[in-house]
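K.L.:
Got a structure for you, questions after.
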């Protein structure tokens, strides 16, 4: 009996400790930089035009207020809206943004109704989940590149005055590729969810592109979450190409195609004009979950030749179950790119959700390779 009693007591206190591990949102500011679980009632849920959703706790601007931020691709707005007025638990790293504590959700599993057990596979504070190998017939590597003085000037500074000094780079290289081989480059621009793991970001692109002989690159400089200048993202790829050119000299003259999903697609359209201005042979774009585009702004800012723009191939891919953007929004954004002067444009509809569809990407790469 005593053994059974001890087990019951152990289970009781274990459950009590697990529940007490959740911190009231009003105390989040005491845990800046820590991985914790925050609990409380969601007072308001709002989604802005770029697709970011904010879950507010308490009264914004008053002491004890807290915010959870869901960037595009984490979950659909309707699902997050359902948490309004509900008691929830949120797990993640507490950050300070404009003097207020917040957690940026890393996945949909990071938020759940209060008292519900964490979803299987969810990372809890202090727990690291081992990564599975990302590559088989290609090799993915990641490294940092220091920006040169001219690159820093070209990047500009954020609205808060932040100036970049380096960029993170991930590259996928086909197995057995020789330094003197002809190179085709797919430059993948990160969305918010891909900024902190560029290796994972390029993996679905590499799976399709690398076996066809493409080199896949992503570059991003860690920066505050605020408005970035037009030349920012293109500069990170210039630094990446410069570094990769020491091993693959042909990259300076290689045809380059820009790619991205959701916010990454918008960043790719903005980076187009700057890379062309710097002399890179940007021949086209592969864009998915396209809602926000800046192709016209990029052309007005960096003024590439009209003939170059006209010959640029743009392939827009849209999934029938894409929750980040609708078919109407995708077609409207594609039409805006066409109106900016692009004549070679395709809009591909496929079954499935948003993000990188392998068959759609394969179609795009085949079209890019077609000289006609």
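The values are calculated or read from the model by the stated rules, or taken from the named source; none is laboratory data. This structure is a prediction, so every number in the text was calculated from the model and none was measured. Here the Cβ positions follow ideal geometry from the backbone for every residue, glycine too, while neighbour counts run over all protein chains shown.
K.L.:
If a residue has to be surrounded by 13 or more Cβ atoms within 10 Å (Cβ to Cβ) and touching a strand residue (DSSP E or B) at 6+ places or on another chain (Cβ under 8 Å) to count, how many in segment 325-352 make the cut?
P.N.:
Number satisfying all stated conditions: 17.
K.L.:
Same structure, new question: If you go through segment 224-250, how many residues are more than 25 Å from residue 364 (Cβ to Cβ), surrounded by fewer than 17 Cβ atoms within 10 Å (Cβ to Cβ) and touching a residue at least 60 places away in the same chain (Cβ under 8 Å)?
P.N.:
Counting residues in segment 224-250 that are more than 25 Å from residue 364 (Cβ to Cβ), surrounded by fewer than 17 Cβ atoms within 10 Å (Cβ to Cβ) and touching a residue at least 60 places away in the same chain (Cβ under 8 Å) gives 7.
K.L.:
Among the residues in segment 199-209, are any surrounded by 23 or more Cβ atoms within 10 Å (Cβ to Cβ) and more than 17 Å from the chain's Cα centre (by Cα)?
P.N.:
Checked segment 199-209: at least one residue is surrounded by 23 or more Cβ atoms within 10 Å (Cβ to Cβ) and more than 17 Å from the chain's Cα centre (by Cα).
K.L.:
Scan (1) surrounded by 14 or more Cβ atoms within 10 Å (Cβ to Cβ); (2) modelled with pLDDT under 95; (3) under 21 Å from residue 234 (Cα atoms) for the single condition residue 305 breaks and write down its number.
P.N.:
That leaves (1) as the condition not met.
Conditions (1) in a helix (DSSP H, G or I); (2) surrounded by 13 or more Cβ atoms within 10 Å (Cβ to Cβ); (3) out of contact with any strand residue (DSSP E or B) (no Cβ under 6 Å at 6 or more places or on another chain); (4) modelled with pLDDT of 50 or more, marked per residue:
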| position | (1), (2), (3), (4) |
| --- | --- |
| 3 | yes, no, yes, no |
| 8 | yes, no, yes, no |
| 13 | yes, no, yes, no |
| 17 | yes, no, yes, no |
| 23 | no, yes, no, yes |
| 26 | yes, yes, yes, yes |
| 40 | no, yes, no, yes |
| 46 | no, yes, no, yes |
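K.L.:
Within segment 247-267, can you find the residues that are closer than 23 Å to residue 355 by Cα and in contact with a strand residue (DSSP E or B) (Cβ under 8 Å, 6 or more places away or on another chain)?
P.N.:
Listed by number, the residues that qualify are 256, 257, 258, 259, 260, 261, 262, 264, 265, 266, 267.
K.L.:
Can you name every residue in segment 251-279 that is farther than 28 Å from residue 349 by Cβ and surrounded by fewer than 24 Cβ atoms within 10 Å (Cβ to Cβ)?
P.N.:
Those that are farther than 28 Å from residue 349 by Cβ and surrounded by fewer than 24 Cβ atoms within 10 Å (Cβ to Cβ): 251, 252, 253, 254, 276, 277, 278, 279.
K.L.:
Shifting gears a bit: Given the structure, is residue 170 under 22 Å from the mean Cα position of the chain (by Cα) and closer than 13 Å to residue 238 by Cα?
P.N.:
Criteria not met by residue 170.
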